[in-house]
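Report on the following structure.
The values are calculated or read from the model by the stated rules, or taken from the named source; none is laboratory data. Remember, predicted model here, so these are calculated numbers, not experimental data. All Cβ positions, even for glycine, are placed from backbone atoms using ideal geometry, and neighbour counts span all protein chains on display. These area figures cover heavy atoms from the full protein model, side chains too; ligands, DNA and RNA do not enter into them. Shrake-Rupley method; radii C 1.70, N 1.55, O 1.52, S 1.80 Å.
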Amino acid sequence: MIVYRRSSDGPLLGRLAPLGLLLGALAFAAALSPSLIPRSGPIQGVLAGLCFACGYGAGAGLTALWLWAVEPAPAAPRTLRRNLRGAAVLAAVIIAWALWQATAWQNDIRSVMALPPVETARPFTIAAIAGALAAALLLLGRLFRRAMRVIAAQAEPILPRRLALLTGFVAACWLFWAIGSGVLLDGVLRALDQAYAKMDALDPADMAAPVDPLKSGSPASLIGWQGLGAEGRNRVLGGPDAAAIAALRGQPAQEPLRVFVGLNNADTPKARAALALAELRRIGAFDRAVLVIATPTGTGWVDPAAMQPVEYLMQGDIASVSVQYSYLPSWLSLLVEPEYGAETAQAVFRAVYGHWTGLPKDTRPKLYLFGLSLGSLNSDLSADIYDVLGDPYQGALWAGPPFASRTWPQITAGRAAGSPAWAPRFRDGSLVRFTTQTDHTAEADASWGPIRIVYLQYASDPIVFFSPATLWRRPDWMVAPRGPDVSPSLAWVPVVTFFQLVFDMMTATSTPAGYGHVYAAGDYLTGWLAVTAPEGWTAPELDRLRAELRAQGL
């Protein structure tokens, strides 16, 4: 905020801007309104404090811009100060009303997801955290203003006053950006990378290296056990085994084959892909009925709720391969190293697909792709559809595709008229179909073609439906009819909805299974049934499988 006196910048903690208080209070209230994901009291407080500071900054900035542009009369600053008391009272009323409504608004979201109501003391938690954060951010804004004025004062002897102020503003922006992105952000990212690398190397006490020669990390394996990382070891030793699969239907089953290559098993993406192919060949993966290239999330995690259903459906006659490309969670990996996951996914696909196409078509396995979240984005990037049309893979199941995906936005934008953005119908449905908590895979005008692609997504998943454009435009998924897991009270507010969705993305996995970014095994099962079309399964057997998956908490 540019101050109203020429001679002095005044105290660092001086008077507040009336317009800033009003816009800040309105942004505070909007921030507490429902969004996609239920929030804890501390998270609500942080979001409300941030939005208040942004609203205040906008109001103070507009006031300062007006003073800079029109050179108002000397009485103008005094008039603004006289309006401060009334603005402060009105802002306090707005904030008090929003805190009063906050509990009901949160319960509105929680009721959609069958969650218990929030605690009655939550408004006090929100007020305390929001107030402290807003004060800290306003102080930071005052420091910015002071830096701008100091720089402008140095330029004023050689530049007109307005141009000197503009020069000070631009220089202060550069200075704060350089400190924030070049020092603080880089330091935080390095610390996070080191922390997640150490977490990835942790070896759970009850996880000894397998002795089964068909498992990655065993003494017979080409892949070292320690290099798999925590998520790789979980994947290799996870269920179900042949006995569990056989017990469900009372029929013989095979042991599913699971190949995993960790970030520390080889030095480059190409080397890790070559190691994965060599391991697949060693254990006879290409002799199975189905082979799945399962691209993991940022940390290397492969969702058990996604892979267990297809391993049951194939009666264990299946192999899967995953190659890690990062230690970081998907949202952070997408921010820091977006190209690295795609490079690894492409290397793995080329290695596996290249060997697969050299095998006799009547004896080789059916080849499918899978990815969740960032794994979905990278799995999509792993293969160019035009390069495989001559000898296509059989299909893909992509769950929770991030908003930055390559193909998903084009398909959603090209959906059939009348179909909602959260459950679109694309052309005749012969290539791509969507499903949610409700099975929509039968909603098509044509039979499946040679490739079956199914997107599994929830209307309440902010990883899918976030968009920078929500800063200034209401997104299509908010247009009626809304998804069944979206609060009917959710309203679009410029800028504020953007920040709500950013916070929703960071907490998208805090929901119960079947909402947000936590995909339920039963919904994965629906997707795999559409993609693989397994034979021999009866409706009662599928019901037993769904019940078994629910019993496992998947």
I'm trying to understand the selection: among the residues of segment 238-250, which are under 18 Å from I223 (Cα atoms) and buried (at least 16 other Cβ atoms within 10 Å of the Cβ)? none
Name the pairs: first residue in segment 203-223 and at pLDDT below 90, second residue part of a loop (DSSP other than H, G, I, E, B), Cβ to Cβ under 6 Å, at least 6 apart or on different chains? A209/G217; A209/W225
Can you confirm whether A253 is open to solvent by 20 Å² or more (accessible area, probe 1.4 Å) and part of a loop (DSSP other than H, G, I, E, B)? yes
Return the residue satisfying two criteria in turn: it lies in segment 467-491 and is farther than 18 Å from L115 by Cβ and surrounded by 15 or more Cβ atoms within 10 Å (Cβ to Cβ), and of such residues it is farthest from the chain's Cα centre (by Cα). R482
From the residues in segment 326-353 that are aromatic (F, W, Y) and at pLDDT below 90, which one is most open to solvent (accessible area, probe 1.4 Å)? W331
Can you confirm whether L19 is modelled with pLDDT under 90, open to solvent by 20 Å² or more (accessible area, probe 1.4 Å) and among the aliphatic types (A, V, I, L, M)? yes
Among the numbered criteria (1) crowded, with 19+ Cβ neighbours inside 10 Å; (2) hydrophobic (A, V, I, L, M, F, W, C); (3) at pLDDT 95 or above, which single criterion is violated by V518? (1)
If you scan segment 270-298, which residues turn out to be under 20 Å from L377 (Cα atoms) and surrounded by fewer than 21 Cβ atoms within 10 Å (Cβ to Cβ)? K270
Selection count, segment 423-436, where residues are surrounded by 19 or more Cβ atoms within 10 Å (Cβ to Cβ) and either touching a helix residue (DSSP H, G or I) at 6+ places or on another chain (Cβ under 8 Å) or among the hydrophobic types (A, V, I, L, M, F, W, C) (or both): 8
I'd like to know if segment 494-511 contains one or more residues that are in contact (Cβ under 8 Å) with a residue 60 or more places away in the chain, open to solvent by less than 10 Å² (accessible area, probe 1.4 Å) and under 17 Å from T297 (Cβ atoms). yes
Matching residues, segment 232-250, being part of a helix (DSSP H, G or I) and closer than 13 Å to P304 by Cα: G232, R233, N234, R235, V236, L237
Any hit, segment 30-44, residues being assigned to a helix (DSSP H, G or I) and either at positive phi or in contact with a Cys (Cβ under 6 Å, 6 or more places away or on another chain) (or both): yes
Please enumerate the residues belonging to segment 89-111 that are over 18 Å from A130 (Cα atoms) and buried (at least 21 other Cβ atoms within 10 Å of the Cβ). I109
Check off (1) in a loop (DSSP other than H, G, I, E, B); (2) open to solvent by less than 30 Å² (accessible area, probe 1.4 Å); (3) under 20 Å from G229 (Cα atoms); (4) of a type outside the set (F, W, Y) for D267 and give me the number that stays unchecked. (2)
Considering segment 440-466, residues that are in contact with a Gly (Cβ under 7 Å, 6 or more places away or on another chain) and assigned to a helix (DSSP H, G or I), and then whichever is most open to solvent (accessible area, probe 1.4 Å), we arrive at I463
Among (1) closer than 23 Å to A547 by Cα; (2) under 14 Å from the mean Cα position of the chain (by Cα); (3) of a type in the set (A, V, I, L, M, F, W, C) - the single one L529 does not satisfy: (2)
Of all residues in segment 298-325, which are modelled with pLDDT under 95, in contact with a strand residue (DSSP E or B) (Cβ under 9 Å, 6 or more places away or on another chain) and not aromatic (F, W, Y)? G300, Q324
Helices (runs of 4 or more DSSP H) wholly in segment 371-422 with at least 2 residues that are open to solvent by less than 10 Å² (accessible area, probe 1.4 Å) - which ones? 374-382
